[in-house]
1. Would you confirm, using the coordinates I've provided, whether A:Gly95 is open to solvent by less than 50 Å² (accessible area, probe 1.4 Å) and assigned to a loop (DSSP other than H, G, I, E, B)?
2. For the range B:47-67, does any single residue satisfy the condition of being exposed (fewer than 15 other Cβ atoms within 10 Å of the Cβ) and either over 28 Å from A:Ala125 (Cβ atoms) or away from chain A (no Cβ under 14 Å) (or both)?
3. Here's a check for you: in the range A:136-166, which residue that is open to solvent by 70 Å² or more (accessible area, probe 1.4 Å) and more than 17 Å from the chain's Cα centre (by Cα) is farthest from B:Arg112 (Cα to Cα)?
4. What is the residue count in the range A:125-134 for residues that are facing another protein chain (nearest Cβ under 9 Å) and part of a loop (DSSP other than H, G, I, E, B)?
5. Looking at the structure I just gave you, is B:Lys101 more than 10 Å from every other protein chain (Cβ to nearest Cβ), more than 27 Å from A:Arg181 (Cβ to Cβ) and part of a loop (DSSP other than H, G, I, E, B)?
6. Check B:Val84, B:Val72 and return the single one that is in contact with a Ser or Thr (Cβ under 8 Å, 6 or more places away or on another chain), in contact (Cβ under 8 Å) with a residue 24 or more places away in the chain and part of a loop (DSSP other than H, G, I, E, B).
7. Kindly indicate which of B:Lys50, B:Lys30 is assigned to a helix (DSSP H, G or I), free of Cβ contacts under 8 Å to residues at least 60 places away in the same chain, in contact with a His (Cβ under 9 Å, 6 or more places away or on another chain) and not acidic (Asp, Glu).
8. Output yes when any residue across the range A:101-124 is hydrophobic (A, V, I, L, M, F, W, C), open to solvent by 30 Å² or more (accessible area, probe 1.4 Å) and assigned to a loop (DSSP other than H, G, I, E, B), and no when none is.
Amino acid sequence: MSDINTQRRQFIKTSVGAAAIAIAPGMMLYATAHGKSEGASSKVRWGMLVDTTQCTPDCNDCVTACNKENGLSGGTKATDSQWIRKIEIKDVRTGVAHSLPMMCQHCEHPPCVDVCPTQASFKRADGIVLVDRHLCIGCRYCMMACPYKARSFVHETLEDQNPDVPRGKGTVEACSLCVHRIDKGQIPACAEACKNKAILFGDLNDANSEIYKKVRTVASDQIRADLQLNTGIRYQGL
Amino acid sequence: MRLLATLLLCMSFSVAWATEANTPKLDIGKGGECVRDTQWMRKNHMHLLKHQRDETVRKGVRDEQVSLKNCVECHASKSDNSVVAREDSFCAGCHRYEAVKIDCFECHASKRRAALAKKDEQ
């Protein structure tokens, strides 16, 4: 199904692309005036560029902000949900170390979506990879398929969830790129919280966006680029 | 003609039944006007919710008015801010009577946002 969709999108893109670009500048991606929105657009590809040279090992602000925004406990046991986590990597020969946040990489070709038996794992038109918790049966195939260990399973009953971020026992969850904030025109909580401005969020397809220009001028990497998943999250300075 | 009469008769029966004394007395919350006609909602609220759910989650089409959050904001009791906490809470009261079981509030907040915010501060 996703194949057909991609082709269709591609077709629409190429056929009406020229016209769309002519009218698009200045047009909002969302119309929130009446509390109604147009929905996700396939012209958009949300992504992030993480500058690891600005990310410090002792700082956990992005993680804390994520936990608060999404109502996670902040625990780090195997059974606790972690949507974003800090990891330290070190080149054993040179001793050069990096600290970086790791989360769902919002792949263009997400393995979690491939293995999902119920189509609960899906990629939204604007590139955000999500779990539709209404369809998730908790089989956790996606957790095993993910090369980034980015997904968590909710093991226990939860109470008093954030109204904007429903979560519940028996389903798999992960970084949603703060989809509820994006749809309101805000940026993800982690990007907002980073005091070193190490997380640049934006539309990888928008030629006027900062991220579009930056990924074209500075060297950046995709983690496990060899898997050819074309991640939406890129890292600079590794 | 006979058909029409029968229809009318049936309808008046069901109205009479609906107002019968043993139907649950619900705490409707804030009051005001529902997002659709009340009678229509009684019959179709589940379809409205499920449609909106798929639109929002899969396509990112958000319509605040018919979101589940908005039902809770308006229908939560003025005394405990919940749609499910008591026997006569709006969603729970009617579903208990109708023997319907929903799992929505295992994930979705069943309380008014203001009540949750207050709890955070404590």
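1. When the stated conditions are applied, A:Gly95 passes them.
2. Within the range B:47-67, one or more residues are exposed (fewer than 15 other Cβ atoms within 10 Å of the Cβ) and either over 28 Å from A:Ala125 (Cβ atoms) or away from chain A (no Cβ under 14 Å) (or both).
3. A:Met144
4. Here is the first cut: in the range A:125-134, the ones facing another protein chain (nearest Cβ under 9 Å) are A:125-126, A:128, A:130, A:132-134.
Within this subset, residues satisfying the condition of being part of a loop (DSSP other than H, G, I, E, B) are A:125-126, A:128, A:132-134.
The total comes to 6.
5. Against the criterion (more than 10 Å from every other protein chain (Cβ to nearest Cβ), more than 27 Å from A:Arg181 (Cβ to Cβ) and part of a loop (DSSP other than H, G, I, E, B)), B:Lys101 qualifies.
6. Details: B:Val72 fails: part of a loop (DSSP other than H, G, I, E, B).
Answer to the selection: B:Val84.
7. On the way: B:Lys30 fails: assigned to a helix (DSSP H, G or I).
Exactly one residue qualifies, and that residue is B:Lys50.
8. As a first pass, look at the range A:101-124 and keep what is hydrophobic (A, V, I, L, M, F, W, C): A:102-104, A:107, A:112-113, A:115-116, A:120, A:122.
From what's left, open to solvent by 30 Å² or more (accessible area, probe 1.4 Å): A:113, A:115.
From what is left, the residues that are assigned to a loop (DSSP other than H, G, I, E, B) are none.
No; the residues of the range A:101-124 include none that is hydrophobic (A, V, I, L, M, F, W, C), open to solvent by 30 Å² or more (accessible area, probe 1.4 Å) and assigned to a loop (DSSP other than H, G, I, E, B).
The values are calculated or read from the model by the stated rules, or taken from the named source; none is laboratory data. Since the model is a prediction, treat every value here as computed from it, not as a measurement. Because the Cβ atoms are built from the backbone with ideal geometry, glycine has one as well, and the counts that use them run over all protein chains shown. SASA here: full protein model, heavy atoms, side chains in, ligands and nucleic acids out. Shrake-Rupley method; radii C 1.70, N 1.55, O 1.52, S 1.80 Å.
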